[in-house]
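Notes for the one structure printed next.
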């Protein structure tokens, strides 16, 4: 990074650190874990209550900020929200494939940093619940109800919980499940041009592919930008844990496609295939992809890594132009979009803020936590 880029990243983190005590204070007035902002106040996820899939990102943000600042405010808020998250185990029938997102970066970070035995138990229980969703045909089931054969690109990120389980316990079963799922995604999701689909529906009895619907993107066969980010980062994480060069190559291919398709403003469209007259951005996709590019760069020779780092820098600085700095507004990023056809357009989302903070910390080589 240039000196000016380092200065800019440092300034952004400093301003975030100045803003967040007020955000935490507002969260402590609530009986839910913050997800988005409505009428200037923190608001919860739209359904599933404490089982809402992003509920691990708020304590995850707190651990990121704790490692950056050493301020016990963030440690205490992380543990306060983790105690709330623990109640999700009592409502386990509403839990899903995202137990990795919920516990690996909350209680998992807690245990990694502090050795907290309560955090270890919760993280292990979350790992067992995720492992229970493994279909022997080689994939981790997404969602519940009548979707026994559904798998999604997002789950590449949840594999980190299974790798953690094997590394902590010495039991290879969890790693093998993660590897089998990653292999299935490699073969069934990744297209020849380096893009990937959001959803693949398998016959749960035979593993035969039945359909590839649009999911949160524009249409079947389109290129949902956040899904590409999950692919870049998820395969880079699998490479970091396994050393399998096929995963590094997959991350690189998806990264090349993302950087080829991104517009000059480096603010991703919700879907790279959406109609040209539609203005629908997703700053969250840019931050996820940036973190993935930086993880990918860690495993490549410098002459190749520099291009991915430059892309990540452009994505993070473009996203930073969408930050609301007023302290009365508790979140950071605006212009986040949950899905193309949903009603969650250009909103705040806690996981966008998480990946923005992680990405800036990575740019400055200050990121101390491992997926």
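The values are calculated or read from the model by the stated rules, or taken from the named source; none is laboratory data. For clarity, every value in this text was computed on a predicted model and none was experimentally measured. Glycine gets a Cβ as well: all are built from the backbone with ideal geometry, and neighbour counts include every protein chain shown.
Structure summary
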{"quantity": "Output for segment 30-48, where each listed residue is touching a strand residue (DSSP E or B) at 6+ places or on another chain (Cβ under 7 Å) and in contact (Cβ under 8 Å) with a residue 60 or more places away in the chain", "calculated": "34, 35, 36, 37"}
{"quantity": "One residue from 328, 282 being farther than 22 Å from residue 153 by Cα and either surrounded by fewer than 21 Cβ atoms within 10 Å (Cβ to Cβ) or in contact with a strand residue (DSSP E or B) (Cβ under 9 Å, 6 or more places away or on another chain) (or both)", "calculated": "328"}
{"quantity": "Residue check for residue 98: closer than 12 Å to residue 55 by Cβ and touching a residue at least 40 places away in the same chain (Cβ under 8 Å)", "calculated": "yes"}
{"quantity": "Flag if residue 244 is within 16 Å of residue 160 (Cβ to Cβ), modelled with pLDDT of 95 or more, surrounded by fewer than 24 Cβ atoms within 10 Å (Cβ to Cβ) and out of contact with any strand residue (DSSP E or B) (no Cβ under 8 Å at 6 or more places or on another chain)", "calculated": "yes"}
{"quantity": "Subset tally (residues that are under 15 Å from residue 282 (Cβ atoms) and over 20 Å from the mean Cα position of the chain (by Cα)) for segment 325-339", "calculated": "0"}
{"quantity": "Inter-residue pairs, beta-carbon under 8 Å, first touching a residue at least 12 places away in the same chain (Cβ under 8 Å) and in segment 121-132, second surrounded by fewer than 19 Cβ atoms within 10 Å (Cβ to Cβ) and part of a helix (DSSP H, G or I), 6+ apart", "calculated": "122/86; 122/89; 124/168; 124/169; 125/89; 129/92; 131/173"}
{"quantity": "Residue ID - surrounded by the fewest Cβ atoms within 10 Å (Cβ to Cβ), chosen from residues in segment 25-44 that are within 21 Å of the chain's Cα centre (by Cα) and assigned to a loop (DSSP other than H, G, I, E, B)", "calculated": "32"}
{"quantity": "All positions within segment 45-80 that are under 18 Å from the mean Cα position of the chain (by Cα) and more than 26 Å from residue 112 (Cα to Cα)", "calculated": "45"}
